[in-house]
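The structure appears right after this line, and notes come after that.
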Amino acid sequence: MVILSVNVDHVATVREARRGREPSPVLAAAEVERGGAGGVTVHLREDRRHIQDADVVELSKTLTVPLNFEMAPTDEMVALASTLQPQSAMLVPEGRQEVTTEGGLDVASDQNTLREVVSRLSDAGIPASAFIDACEVQIAAAAGCGFAVCEVHTGPWAEAVAGGGNQDAELQKVAAAGRLITAAGMRFNAGHALGYDNVQPIAALPDLCELHIGHAIVSRAIFTGMQEAVREMVNLIKAASS
């Protein structure tokens, strides 16, 4: 079955609105586990707008499911990952003015830097993942840099579903990317802007290993509680991928 890794960043977003202690993304992660998710994801941004260093330290100590650490490919973040030892590190582009990640990492244009980052993470025993657009050039570059995983950016698919665009074309782009990733010997993951209304066609794609979903689940949790919000998503993914 496709694994669900839940991103708890936006639990911390609510906390940081008051610069207080509640709600705790660490307690949220415990509820995510109880809801049946197979992993937890956090993005420690350079500007620390939501998740804080202490959150990641505590999660690395308390989680019983894998921690996926999203990070910019910087010396600071590589050093932190090497110390924290998450089960995976996903390299993402990062802009100070963006509300959320706006596109995939341009691996093809920065292969020398990324090859070194991947090597440093590998030396620390951490598999590296690249968050990329569904693009053959980026997949080939990721393979050349030694990435173990490619996570395909599903934002264009979500936009097509929400806006009445060409859903079939966008779905086929993700599917084609998944085939290329798998053929290159890398793990095929997907994520970004996925929710309860659009997840199943993605979850049903062949060779898909893992989905990373955050905002939709945290939003649903306001009304249902975190365990139930996660359980609903897990059930949708199970139904589509079985």
Those residues of segment 132-155 that are of a type in the set (Val, Ile, Thr), in contact with a Leu (Cβ under 7 Å, 6 or more places away or on another chain) and not in a loop (DSSP other than H, G, I, E, B) come to a total of 2
Quick check, is Val65 modelled with pLDDT of 95 or more and in contact with an Asp or Glu (Cβ under 7 Å, 6 or more places away or on another chain)? yes
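Yes/no per residue for (1) among the charged types (D, E, K, R); (2) surrounded by fewer than 20 Cβ atoms within 10 Å (Cβ to Cβ); (3) modelled with pLDDT under 95; (4) assigned to a helix (DSSP H, G or I):
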residue: Ala130; (1), (2), (3), (4): no, no, no, no
residue: Trp157; (1), (2), (3), (4): no, no, no, yes
residue: Gly178; (1), (2), (3), (4): no, no, no, yes
residue: Glu232; (1), (2), (3), (4): yes, yes, no, yes
Check Thr41 against each of (1) assigned to a helix (DSSP H, G or I); (2) β-branched (Val, Ile, Thr); (3) surrounded by 21 or more Cβ atoms within 10 Å (Cβ to Cβ) and name the one condition it does not meet. (1)
Could you tell me whether segment 96-107 includes any residue that is over 21 Å from Thr41 (Cα atoms) and small (Gly, Ala, Ser)? no
Restricting segment 52-86 to residues that are assigned to a helix (DSSP H, G or I) and acidic (Asp, Glu), which is surrounded by the fewest Cβ atoms within 10 Å (Cβ to Cβ)? Asp75
Pick from segment 187-242, criterion among the polar types (S, T, N, Q) and over 22 Å from Pro23 (Cα atoms), ranking: nearest to the chain's Cα centre (by Cα): Asn189
Say we look at segment 1-34 and pick out the residues that are in contact with a Leu (Cβ under 9 Å, 6 or more places away or on another chain) and either of a type in the set (Ser, Thr, Tyr) or part of a loop (DSSP other than H, G, I, E, B) (or both); which of these is surrounded by the fewest Cβ atoms within 10 Å (Cβ to Cβ)? Val2
For segment 46-61, which positions are of a type outside the set (Gly, Ala, Ser) and closer than 28 Å to Glu232 by Cβ? Arg49, His50, Ile51, Asp55, Val56, Glu58, Leu59
Test of understanding: among Leu171, Leu194, Leu205, which residue is buried (at least 18 other Cβ atoms within 10 Å of the Cβ), without any contact (Cβ under 8 Å) to a residue 40 or more places away in the chain and in a loop (DSSP other than H, G, I, E, B)? Leu205
Filter segment 207-227 for residues that are out of contact with any helix residue (DSSP H, G or I) (no Cβ under 7 Å at 6 or more places or on another chain) and not acidic (Asp, Glu); the one that is nearest to Cys145 (Cα to Cα) is Cys209
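Scan segment 160-180 and give yes if some residue there is among the polar types (S, T, N, Q) and under 16 Å from the mean Cα position of the chain (by Cα), otherwise no.
Here is the first cut: in segment 160-180, the ones among the polar types (S, T, N, Q) are 166-167, 172.
After this cut, where a residue has to be under 16 Å from the mean Cα position of the chain (by Cα) as well, the list is none.
No, because not a single residue in segment 160-180 is among the polar types (S, T, N, Q) and under 16 Å from the mean Cα position of the chain (by Cα).
Yes/no per residue for (1) charged (D, E, K, R); (2) modelled with pLDDT of 95 or more; (3) more than 18 Å from Thr13 (Cα to Cα):
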{"site": "Asp197", "(1), (2), (3)": "yes, yes, yes"}
{"site": "Ile202", "(1), (2), (3)": "no, yes, yes"}
{"site": "Leu208", "(1), (2), (3)": "no, yes, yes"}
{"site": "Leu211", "(1), (2), (3)": "no, yes, yes"}
{"site": "Met226", "(1), (2), (3)": "no, yes, no"}
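The values are calculated or read from the model by the stated rules, or taken from the named source; none is laboratory data. Note that this is a predicted model, so its numbers are computed, not measured. Backbone-built Cβ (ideal geometry, glycine too); neighbour counts: all protein chains shown.
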